[in-house]
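The values are calculated or read from the model by the stated rules, or taken from the named source; none is laboratory data. The shown structure was predicted, so the numbers you read here are calculated from the model rather than taken from an experiment. Cβ: placed from backbone, ideal geometry, glycine included. Neighbour counts: every protein chain shown. Surface accessibility is based on the protein's heavy atoms, side chains included, excluding ligands, DNA and RNA. Shrake-Rupley method; radii C 1.70, N 1.55, O 1.52, S 1.80 Å.
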Protein chains: 2
Amino acid sequence: MSEFIPPLEILIEQFQRLPGIGRKTAQRLAFSIIDSEEEKVLQFAEALVNAKKNIHYCPSCYNFSEGGLCSVCRNSEKDKTVICVVEDAKVLMAIERVKGANRYNGLYHVLHGVISPLDGIGPEQLKIKELLERVADPELKEVIIATNPSVEGEATAMYITKLLKPMGLKITRLAFGIPAGGDLEYTDDMTLLYALQGRREL
Amino acid sequence: MSEFIPPLEILIEQFQRLPGIGRKTAQRLAFSIIDSEEEKVLQFAEALVNAKKNIHYCPSCYNFSEGGLCSVCRNSEKDKTVICVVEDAKVLMAIERVKGANRYNGLYHVLHGVISPLDGIGPEQLKIKELLERVADPELKEVIIATNPSVEGEATAMYITKLLKPMGLKITRLAFGIPAGGDLEYTDDMTLLYALQGRREL
């Protein structure tokens, strides 16, 4: 038995399907919709449909695009000799957001996930085949693997490295260690281990 | 400057307008929409529009209704001699959800807020005038004021009491005190005060 009248119950269930939204939050969000002006609700509904309809994947790097190549691939100022492999478009945006002279200026490749056998995600579900095709480009010199330092991220990095290594490319991995402004006393064991293993000679 | 392509940025902004949803959560929700099947997104958009279009207020108690009187007011088994005044429909649902022989079986009146001068909400923005009209019903014997034990809830309770008292009705307020299963040692000062002030003779 549902507690609420059908249109409200349906809306609550829809909100509950979103990641990280429980029953109580879904109720709060649904009530706020009912309290909003009709025009605002229509705008929200339209934004949902438009986002789904108009956001496509870039046919080259699989970043979000409104059709055709994405803004990074279209940008003629980007260094086409480097590809940075990321888990999802959010990481790409995070790297693009960095300002300054030393910022990364190469291309990207969005995997759309990481290898995770427990979740039934194998290499064939990711854009790895597509990466191999791009790597055939003679202009390319380096592939930076920027997956997260999680078990799945590391496994994916290793898998890709094994595939690309025989092609004679430079394969690099992001540095992991103490974050900027971090305090060694409060750093977790895993990060300390990374920082020690990745130590550099001065 | 927006970080994302327009349809995505617009969707993120729409999610951000919801209460308690910050930029990061809005991004997460927007990304999950893009990853969903188109049919699911259309269902969500439809649920939004339908909820807004089909949920009306009961012309008697201002609870949610799909048109005409709400399910409580329509229920002939309800005791029409008691009205329980609540801040919003969520409280009404919470009271209706209680099971058992002693459960409340009267009518309700939803104020749609509490008096809060700091937020610019005065008595005229609430359904207080409508409550006064209902109270003229000679069948009515008791009004239970079930606003929250907050500053605004108490002020609203006092305001309504002042208005209704001259009408010769029985006006009651919910009991506040130690909650079921509560531990006196860990009860806050205000609750202890309520519990002591509201003590009953055994």
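Here are a few things to note about the model shown:
- Just one of the listed residues (B:Glu152, B:Glu133) is exposed (fewer than 12 other Cβ atoms within 10 Å of the Cβ) and at pLDDT 90 or above, and it is B:Glu133.
- Of all positions in region A:33-48, none carries a residue that is over 26 Å from B:Leu29 (Cβ atoms), surrounded by fewer than 17 Cβ atoms within 10 Å (Cβ to Cβ) and not aromatic (Phe, Trp, Tyr).
- Any hit, region A:95-112, residues being open to solvent by 40 Å² or more (accessible area, probe 1.4 Å), β-branched (Val, Ile, Thr) and in a strand (DSSP E or B): no
- The set of residues in region B:49-81 being open to solvent by less than 20 Å² (accessible area, probe 1.4 Å) and more than 17 Å from the chain's Cα centre (by Cα) consists of B:Ala51, B:Lys78.
- Scanning region B:59-94 for residues that are in contact (Cβ under 8 Å) with a residue 40 or more places away in the chain and of a type outside the set (Val, Ile, Thr) yields B:Ser60, B:Cys61, B:Tyr62, B:Asn63, B:Lys80, B:Cys84, B:Glu87.
- Among the residues of region A:7-21, those identified as within 7 Å of chain B (Cβ to nearest Cβ) and closer than 23 Å to B:Val72 by Cβ are A:Pro7, A:Leu8, A:Ile10, A:Leu11.
- Yes/no for B:Glu139 being assigned to a loop (DSSP other than H, G, I, E, B) and more than 29 Å from A:Arg28 (Cβ to Cβ): yes
- The set of residues from region A:155-167 being open to solvent by 50 Å² or more (accessible area, probe 1.4 Å) and touching a residue at least 12 places away in the same chain (Cβ under 8 Å) comprises A:Tyr159, A:Leu163, A:Met167.
- Residue check: B:Lys24 meets all listed conditions (1) over 30 Å from A:Cys70 (Cα atoms); (2) more than 8 Å from every other protein chain (Cβ to nearest Cβ); (3) open to solvent by 70 Å² or more (accessible area, probe 1.4 Å) but one, namely (1).
Here is a yes/no grid of residues against (1) among the acidic types (Asp, Glu); (2) not in a loop (DSSP other than H, G, I, E, B):
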position: B:Glu3; (1), (2): yes, no
position: B:Leu8; (1), (2): no, yes
position: B:Phe15; (1), (2): no, yes
position: B:Pro19; (1), (2): no, no
position: B:Thr25; (1), (2): no, yes
position: B:Val41; (1), (2): no, yes
position: B:Ala47; (1), (2): no, yes
position: B:Ala51; (1), (2): no, yes
position: B:Tyr62; (1), (2): no, no
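- Residues located in region B:138-149, provided they are in contact (Cβ under 8 Å) with a residue 24 or more places away in the chain and surrounded by fewer than 15 Cβ atoms within 10 Å (Cβ to Cβ): B:Glu139, B:Lys141, B:Glu142, B:Pro149
- Any pair with Cβ under 8 angstrom, 6 or more apart, that starts in region B:39-54 at a residue that is within 14 Å of A:Glu13 (Cα to Cα) and at the interface with chain A (Cβ under 7 Å from one of its Cβ atoms) and ends at one that is basic (Lys, Arg) and outside any helix (DSSP H, G or I): B:Phe44/A:Arg17
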